[in-house]
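Everything on this sheet refers to the single structure shown next.
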Amino acid sequence: QVQLVESGGGLVQAGGSLRLSCTASGKVVDFNTVAWYRQAPGEQRELVARITSRGDINYVDSVKGRFTISRDNAKNTVYLQMNSLKPEDTAAYYCYALRVPHNYWGQGTQVTVSS
């Protein structure tokens, strides 16, 4: 059973930065895709960023130029560097991994951005 453990959330002022980490119990290179999702209260969960096993990267438009997803294969960890944070980035952030046909979720980490 694959486990994903997130860390790095917290409270930050607008304009600040946080780095989220997602450490997998398996090799991240073995996953087809690893991604970060977020869900704000009353909202649907949305894809924030993803990285494939080939290294292809995608971002939701609202975070382009501010967030960076990266992977450290030696540490089996995927990061989400979040800069220039805005109050609308406030949400629970979840790590997701796909190893076809199975998908896995972390427990989530809260990010709160104050204005």
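Accessible surface calculations at 1.4 Å, restricted to protein heavy atoms, place region 8-115 at 52 Å² per residue. Approximating the spin labels as points 7 Å out from Cα along Cα→Cβ, the Glu88-to-Ala40 distance works out to 0.7 nm. Stokes-Einstein diffusion for the chain, with the hydrodynamic radius set to the Kirkwood value over Cα pairs and evaluated at 10 °C in a medium of 1.306 mPa s, equals 114 µm²/s. Each Lys or Arg adds one and each Asp or Glu subtracts one; over the other residues with Cβ under 13 Å from the Cβ of Asn83, this totals +3.
Annotation: amide H of Arg71 within the under-5 Å range of Tyr79, sequence separation 5 or more or interchain, hydrogens built in the peptide plane. By accessible area, using a 1.4 Å probe on protein heavy atoms only, the chain has 45% of its surface on carbon and sulfur.
Within the chain, antiparallel bridges make up roughly 90 percent of the DSSP beta bridges whose residues both belong there. For the chain, a simple Cβ point-charge model (Lys and Arg +1, Asp and Glu -1, everything else neutral) yields a dipole of about 260 debye relative to the Cα centre. Taking label positions 7 Å along the Cα-Cβ direction at both Asn103 and Asp56, the computed distance is 1.6 nm, reported to one decimal.
The H on the amide N of Leu85, modeled in the peptide plane, is under 5 Å from the matching H of Gly15, Gly16, each at least 5 residues off or on a different chain.
The values are calculated or read from the model by the stated rules, or taken from the named source; none is laboratory data. These numbers come from a predicted model, not from an experiment. Cβ coordinates were reconstructed from backbone atoms using ideal geometry, including for glycine residues, and neighbour counts include every protein chain displayed. Accessible surface is based on the protein model in full, side chains and every heavy atom, while ligands, DNA and RNA are left aside. Shrake-Rupley method; radii C 1.70, N 1.55, O 1.52, S 1.80 Å.
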